[in-house]
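Reviewing the structure listed below.
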Amino acid sequence: MALTQAFSYRNGQLFCEDIPLAGLADQFGTPCYVYSKNAILRNFHTFRTAFEAVDPLICYAVKANSNLSILRLLKEEGSGFDVVSAGELYRLKKIGGDPKRIVFSGVGKTVEELEMALQMSLFSLNVESLEELETLIDLAEHKDVRQDISIRLNPDVDTTTHPYVATGFRRHKFGLDVNHVEKIIGLLRQSSHLHLVGLGFHIGSQILNVQPFLDAFLKLKGLVAEFETLGFVIEHLDLGGGIGIPYQDETEPDLNRYAEFVKEHRGEYRIVLEPGRFITGNTAVLLNKILYHKVNYEKHFLIVDGAMNDLLRPSLYQAYHEVLPLEQKEGSIRADVVGPVCETGDFFAHDRLLPLLKQGDYLAIMNAGAYGFVAASNYNSRPRAAEILVDGDRPQVVRTRETFQDLIRGEQ
């Protein structure tokens, strides 16, 4: 069972911290996301403690979960941030995020996004293509702005993860070809406004075996030497994010092994790490109500009010999420847990052994705290879910449920 310190059964009822989830479902309606504040803090502290000897700049990957309350919580704990869009930068402005603790990544930054980043004078702008570098040089010179940058390199390291979230192999769109070092240096020597201070990589997401990180780090160190031989002073190494969480029965990633390796090989360079899923992934559930228990040709379907527009991962990645009843019951059935959207791909689970549940019962989709609400949509004109943050026995609405009026705002 995908239970953590934050989620546990007490007297047959599933709790988030000190609140029964069924009570939250009754109070706030379904579908809704429920987050554990203390689980988020615990994960951040676990990560920081593991790498304590390295003293890295930890930049939480906003793309994993961008709710303002969660970002503010992490900022107060000392986290920096990794962003991939102007919208994420705007969110950090709203919570008073320190620009000197923000890195801006992404393979396709627009001119407008680059201009916004230059105005904020971020810790680092991570460049991912030669044409992006040329564009940034022109913008910095035109605006007479100086900016520290890092080059994201593609280390050509394969990973055991879903192909949609692998980003460090030569066939992927991310990072710069390591054979383009001379071209990169030629461009940088044309500009007095960009200061190359870092090199980095990001090889993918939901990686549980740390060996690919170690392989990529050694490749990066070799490239650092090449840049420094040509007269550049590299100050930091950005090792990206990508550390995964167990969704089913996988082995947890060995953070201590990773940290020890980085400590041994980093030299005098400052280390930047960008965890996302590791911080928020196992800290939330998506609550659903069973609308109907349907049987077609002896196959059982539990049709719930949540759908692929609320949590896309099962449909997009065929990702496994544990499904648990909010109230433990006797008996069992094998059933598909599906939503009401008009797609056969609208499902949360296939052929899952579950208690004998009925219309009106509640279910929790576990480990929904990363790449959950952030990937939600209004497909089928469905309002997006509410988000609730639990602290002990106190729930706080951190995003109100959308209304039908919200659906058509901006339309003519």
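Here, each number is a calculation from the coordinates, and none is a lab measurement. Because the structure is a prediction, the values reported are computed rather than measured. With ideal geometry, Cβ positions are generated from the backbone for all residues, glycine too; neighbour counts draw on all protein chains shown.
Listing for the model above:
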{"quantity": "Two-site FRET efficiency, residue 4 against residue 131, from Cβ-Cβ distance with R₀ of 45 Å, rounded to 0.05", "calculated": "0.55"}
{"quantity": "Value of relative contact order over the chain, rounded to a whole percent, pairs C-alpha under 8 Å and six or more apart", "calculated": "20"}
{"quantity": "Gain on full stretching of the segment that runs from residue 190 to residue 142 - 0.36 nm per residue minus C-alpha separation", "calculated": "15.9 nm"}
{"quantity": "Estimated distance in nm for a label pair at residue 107 and residue 45, the labels positioned 7 Å out from Cα along Cα-to-Cβ", "calculated": "3.8"}
{"quantity": "Per-peptide average of other Cβ atoms within 10 Å, ordering 222-228, 286-292, 12-18, 104-110 highest first", "calculated": "286-292, 104-110, 12-18, 222-228"}
{"quantity": "Residue 351-residue 54 pseudo-label distance in nm [points 7 Å out on the Cα-to-Cβ vector]", "calculated": "4.0"}
{"quantity": "Cα long-axis angle, helix 37-50 against the chain (0 to 90 degrees, to the nearest 10)", "calculated": "40"}
{"quantity": "Degrees between helix 255-265 axis and first principal axis of the chain (Cα, 0 to 90, nearest 10)", "calculated": "0"}
{"quantity": "Value of [θ]222 nm, deg cm²/dmol, for the chain, DSSP H segments ≥ 4, -39500 (n - 2.57) each, nearest 500", "calculated": "-8000 deg cm²/dmol"}
{"quantity": "Antiparallel bridge percentage (DSSP; both residues within the chain; nearest 5)", "calculated": "50"}
{"quantity": "Magnitude of the charge dipole, the chain, Cβ model with Lys/Arg +1 and Asp/Glu -1, debye to 20", "calculated": "640"}
{"quantity": "Footprinting exposure proxy for 321, 195 (fewest neighbouring C-beta atoms within 10 Å first)", "calculated": "195, 321"}
{"quantity": "Cα gyration tensor category, rounded, prolate or oblate, for the range 1-105 with a/c compared to 1.5", "calculated": "oblate"}
{"quantity": "Listed residues 283, 318, 303: farthest to the positive end of the dipole of the range 259-405 (Cβ charges)", "calculated": "303"}
{"quantity": "Nearest-ten-degree value, helix 111-120 long axis tilted from longest Cα axis of the chain", "calculated": "80"}
{"quantity": "Mean Cβ count within 10 Å, highest first, over the residues of peptides 113-123, 360-370", "calculated": "360-370, 113-123"}
{"quantity": "Computed lengthening from residue 412 to residue 343, 0.36 nm per intervening residue step minus Cα-Cα distance", "calculated": "22.1 nm"}
{"quantity": "Cβ-derived FRET efficiency at R0 30 Å, residue 263 paired with residue 228, nearest 0.05", "calculated": "0.90"}
{"quantity": "Cα extents of the range 105-275 along the three principal axes, largest first (Å)", "calculated": "54, 33, 28"}
{"quantity": "Size of charge dipole - the range 210-300 - debye, nearest 20, with Cβ of Lys, Arg +1 and Asp, Glu -1, no other charges", "calculated": "500"}
